[in-house]
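The values are calculated or read from the model by the stated rules, or taken from the named source; none is laboratory data. Values in this document were obtained by computation on a predicted structure and should not be read as measured data. Positions of Cβ are generated from backbone atoms using ideal geometry, with glycine treated the same way; all protein chains shown enter the neighbour counts. SASA here: full protein model, heavy atoms, side chains in, ligands and nucleic acids out. Shrake-Rupley method; radii C 1.70, N 1.55, O 1.52, S 1.80 Å.
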Amino acid sequence: IQDAVDEILHQQYEEVIRSLQALSCFVSDTPFLSLDTLRNNCSYILMSLQTAMKNDHILNEWVGDRYSELMSELKNCFSQRELTHWLEQLILILGEMKQTRAPAAAMSERAAEYIRLHFAEDLSLGDIAGHCGISATYLSRIFAQEKGKGVQEYLTDVRMRRAKELLADTNEKIYEIAAEVGYSDAVYFNKVFKKNAGVTPKEYRMQKKTIKDKK
């Protein structure tokens, strides 16, 4: 039980499923177990899933809507057979989540890698989704779930990170740097940069130059 809880909190769902399967077999094969203790332990597992859902969008999508139902069904388990069935139901939910999760994770990383390689181009959500062979709507959903931010936000972060490197390490003009990181409009680049860094590109460069001079 403790293994299952630890694995849930570390998002190791394949191991969680194995631990729950072992627990299910134990409950099924071991006579005269305390039902109150079993329910309490299963409630502990369920509460750990609730905690994990706060940091795991996909887990929340699969378990969140069923959480109250699972808790209610657990309270109404009055035999080892019913508890075994409850565990099997939870295992099935997590197994289905795991099957959908792997492709989503791989597809999101494929999109992220494409962004990292082509951020200097005039990229659109449709371009990135087309490269991955999926719809823009589907990419938006799974990318946010897997990366914790939207496609456009991720693209902007990559561009700003590179812009900061160029501002700090080169003497290129700001409009040249804007073009290098995917912005044809230098005015718009300045606006996005200030929103991201809290200062204008010129101010950022001066700050970095001051730090270098002091060293």
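Pairs exceeding 32 Å between alpha-carbon atoms, taken from Lys147/Lys194; Lys98/Lys195; Lys191/Lys212; Lys191/Lys214: Lys98/Lys195.
Take the chain with all the other protein chains still there, run a 1.4 Å probe, and you get 58 Å² of accessible area per residue.
Between Thr51 and Lys195, the contour length at 0.36 nm per residue exceeds the alpha carbon distance by 48.6 nm. In terms of accessible area, using a 1.4 Å probe and ignoring ligands and nucleic acids, His10, His57 rank largest first as His10, His57.
Solvent-accessible area of segment 1-94 (1.4 angstrom probe, protein heavy atoms only): carbon and sulfur portion equals 50 percent.
In the context of the full protein assembly, Ile174 retains an accessible surface of approximately 40 Å², using a probe radius of 1.4 Å and ignoring ligands and nucleic acids. Here is the P(r) of segment 156-215: all C-alpha pair distances, binned every 5 Å from 0, give 4, 21, 34, 25, 10, 4, 1 in whole percents. The phi torsions of segment 92-99, fed into the Karplus equation with coefficients 6.51, -1.76 and 1.60 and a -60° offset, translate into couplings of 5, 4, 5, x, 5, 4, 4, 5 Hz, rounded to whole numbers, with Gly and Pro shown as x.
Contour minus end-to-end for Gln99 and Gln152, with contour as 0.36 nm per residue of separation and end-to-end as the Cα-Cα distance?
Using 0.36 nm per residue and subtracting the Cα-Cα distance, I get 16.4 nm.
About its Cα centre, the dipole of the chain is roughly 1300 debye, where the only charges are +1 on Lys and Arg Cβ and -1 on Asp and Glu Cβ. Rounded to the nearest 0.05, what FRET efficiency do Asp213 and Glu180 give with R0 = 25 Å and r taken as the Cβ-Cβ distance? Could you check? E(calc), rounded to 0.05, equals 0.50. If the chain linking Glu165 and Tyr138 were pulled fully straight, counting 0.36 nm for each residue of separation and taking away their Cα-Cα distance, it would gain 6.5 nm.
Using only alpha carbon pairs under 8 Å that are at least six residues apart, calculate the relative contact order of segment 113-165 and give it in whole percent. List each step's numbers first, then the result.
Numbers: 27 pairs, mean separation 19.3, N = 53.
36 percent.
Given R0 = 45 Å, the distance between the Cβ atoms of Arg116 and Glu82 translates into a calculated FRET efficiency of 0.35.
Using just its DSSP H runs of length 4 or more, each adding -39500 (n - 2.57), the chain gives a mean residue ellipticity at 222 nm of -26000 deg cm²/dmol after division by all residues. Measuring nothing but protein heavy atoms, the accessible surface of segment 111-156 at 1.4 Å probe radius is 51 percent carbon and sulfur. Overall, the ratio between the Cα radius of gyration of segment 1-127 and 2.2 N^0.38 Å, rounded to two decimals, is 1.33. Summary of the geometry: segment 1-74 and segment 109-147, compared by the centres of their Cα atoms, lie 34 Å apart. Taking Cα centre as origin and charging only the Cβ of basic (Lys, Arg, +1) and acidic (Asp, Glu, -1) residues, the dipole magnitude of segment 13-76 rounds to 160 debye. Measuring with a 1.4 angstrom probe and ignoring ligands and nucleic acids, Lys209 comes out at about 120 Å² accessible.
Accessible area per residue was computed with a 1.4 Å probe on protein heavy atoms; Leu9 scores about 90 Å². Shown for the chain is the translational diffusion coefficient from the Stokes-Einstein equation, using the Kirkwood radius over Cα pairs, a temperature of 10 °C and a viscosity of 1.306 mPa s: 77 µm²/s.
The angle separating the long axis of helix 136-147 from the principal Cα axis of greatest extent in the chain is about 80 degrees.
Rounded to the nearest 0.05, what FRET efficiency is calculated for Thr30 and Ser68 with R0 set to 30 Å and r the Cβ-Cβ distance? Before the final figure, lay out each step's value.
Working: r = 29 Å, r/R0 = 0.97.
About 0.55, to the nearest 0.05.
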